[in-house]
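One structure below.
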Amino acid sequence: MSRRIKGVSFDLWFTLIWSDDDILDEYTNARINALYNVISKYNTKISVEDVEKIYSYTAHFRMIINPRKLIKYILYAVGLDPSEEVIEEAFNAYDRATYKIKPYINNEAIYTLEKLHKDGFTVGIISNTSFSTNSIWRMLENIGISEYINIVISSANEEVKKPFPEIFYRFLSKAGLKPYEVVHIGDKYMDDVIGAYNVGMHAVLYRGLWDKYRIYREFRDEKLLNVCPRECYVINDLRDIFKIIEKLKA
């Protein structure tokens, strides 16, 4: 009998990896300084504090705008009328500023990804993030798991976030898989579970890193799971995904 599940997609932050305020500050400051170094060549009146302030204003849409467009808006905001060459220079500086970032790896992820890869599953990441696809690949290389990943979907590059269906459909299109052939795993009920269910994928809520995520330090309410439209799989260890895959075999 053929295996029904052919692919597994993961959320990135607080599922496969996690960070703290120090890492957040590190990549934020790296981006701001990289932008300032370029901008100050063309506008000598600008200060790094000015760049920081303008960058902070973009927080509410950084995850849903292509990074090159973001940089163009920032350059306009600091009084430049940039050429395509200047936009590319600033974008490259901004993007490369995060290439050395090394978040913490979820130890459960190493075994899980390696086994999925070895067993022939298509393995992907669907992430709500301001990081470009290239930046995510560099990050995965830094922590030693890029070889197990086939596809990376960044909400910034795609200009759409979970739980909206389009970001899941784009993963499915790149993977060449049907929704019912994929299990999606993530730490957020609405973004990951409901988002995946909405397009017909199987979904798993992962709680293993909730204690490291400040939003969840006061959130332990599982009542939402009682209104889940289909059976809700909930795991505290990523390695338990193999038990769920066994249950879902055709």
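The values are calculated or read from the model by the stated rules, or taken from the named source; none is laboratory data. The shown structure was predicted, so the numbers you read here are calculated from the model rather than taken from an experiment. Here Cβ is always computed from backbone atoms with ideal geometry, including for glycine, and neighbour counts include all displayed protein chains.
Here Glu88, Glu114 are screened, and the one residue that is surrounded by fewer than 18 Cβ atoms within 10 Å (Cβ to Cβ), farther than 25 Å from Gly186 by Cα, modelled with pLDDT of 95 or more and of a type in the set (Asp, Glu) is Glu88. For segment 36-60, name all the residues that are surrounded by fewer than 16 Cβ atoms within 10 Å (Cβ to Cβ), among the small types (Gly, Ala, Ser) and part of a helix (DSSP H, G or I). Ser56 - this is the single residue of segment 36-60 that is surrounded by fewer than 16 Cβ atoms within 10 Å (Cβ to Cβ), among the small types (Gly, Ala, Ser) and part of a helix (DSSP H, G or I).
Every residue, every condition in (1) touching a His at 6+ places or on another chain (Cβ under 7 Å); (2) surrounded by 15 or more Cβ atoms within 10 Å (Cβ to Cβ); (3) not basic (Lys, Arg), yes or no:
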residue	(1), (2), (3)
Ile5	no, yes, yes
Leu24	no, no, yes
Ala34	no, yes, yes
Arg62	no, yes, no
Glu84	no, no, yes
Ile105	no, yes, yes
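Scanning segment 232-250 for residues being within 21 Å of the chain's Cα centre (by Cα) and basic (Lys, Arg) gives a total of 1. Restricting the first member to segment 184-213 and to residues that are outside the structural domain of Ile151 (by TED's automatic domain parsing) and closer than 23 Å to Asn107 by Cβ, and the second to residues that are part of a helix (DSSP H, G or I) and at pLDDT 95 or above, no beta-carbon pair is closer than 7 Å while six or more apart or on different chains.
Residue pairs whose Cβ atoms lie under 6 Å apart, sitting 6 or more positions apart in sequence or on different chains, and linking a residue in segment 1-22 that is modelled with pLDDT of 95 or more and part of a loop (DSSP other than H, G, I, E, B) to a partner that is surrounded by 17 or more Cβ atoms within 10 Å (Cβ to Cβ) and among the basic types (Lys, Arg), do not occur here. Of Ala156, Ala175, Ala203, all but one fail to be modelled with pLDDT of 95 or more, within 18 Å of Gly7 (Cβ to Cβ) and not acidic (Asp, Glu); the exception is Ala175.
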